[in-house]
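The structure appears right after this line, and notes come after that.
The values are calculated or read from the model by the stated rules, or taken from the named source; none is laboratory data. All values reported here derive from a predicted model rather than from experimental measurement. Ligands, DNA and RNA are stripped out before the accessible areas are found, and what is left, the full protein with its side chains, is counted by its heavy atoms. Shrake-Rupley method; radii C 1.70, N 1.55, O 1.52, S 1.80 Å.
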Amino acid sequence: MMILYAAYEVVKDGMLKLLGEVPEKETIAQLKKICSDVLCENNSLHHIHIHRYGNHVELTFHLRLPGDTTLDYAHLVVSRIEERVNNELGMEATIHCEPHK
């Protein structure tokens, strides 16, 4: 039983890092500030996770934008947010945009 429990703990820790961890409150606050600075409007972030793959750290989240947002503008916003996340938080960002209803 002890061997199985130890194996479970090792696998669990490794899997959580791959599947995604909830970031610290400070990181979420910094991310919200970055998004507010770039968008200059109310936005809604959710489903925020940090994924660790060796030395690579990736921040993934969903971002709600107004439903009438053009693809060009959405791409511009996401690119600016990704750049700031990389520079200020030291992580790569993957952002999923959704229409705000």
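Observations, loosely collected:
- Nearest-ten-degree value, helix 71-84 long axis tilted from longest Cα axis of the chain: 50 degrees
- Lys33 contributes about 120 Å² of solvent-accessible surface, heavy atoms of the protein only, 1.4 Å probe.
- Helix 2-19 vs. the chain, principal-axis angle (Cα, 0 to 90°, nearest 10): 10 degrees
- Accessible-area composition of the chain, carbon plus sulfur, in percent [1.4 Å probe]: 57 percent
- Under-5 Å amide H pairs with Ala93, H placed in peptide plane, nonlocal only: Leu59
- Shown for the chain is the translational diffusion coefficient from the Stokes-Einstein equation, using the Kirkwood radius over Cα pairs, a temperature of 10 °C and a viscosity of 1.306 mPa s: 107 µm²/s.
- Going by accessible surface with a 1.4 Å probe and the largest first, Cys97, Cys40, Cys35 read Cys40, Cys97, Cys35.
- Acute angle (nearest 10 degrees) that the helix 25-39 long axis makes with the longest principal axis of the chain, alpha-carbon atoms: 20 degrees
- Per residue, the chain reaches -15500 deg cm²/dmol at 222 nm when only DSSP H runs of four or more residues are counted, each adding -39500 (n - 2.57).
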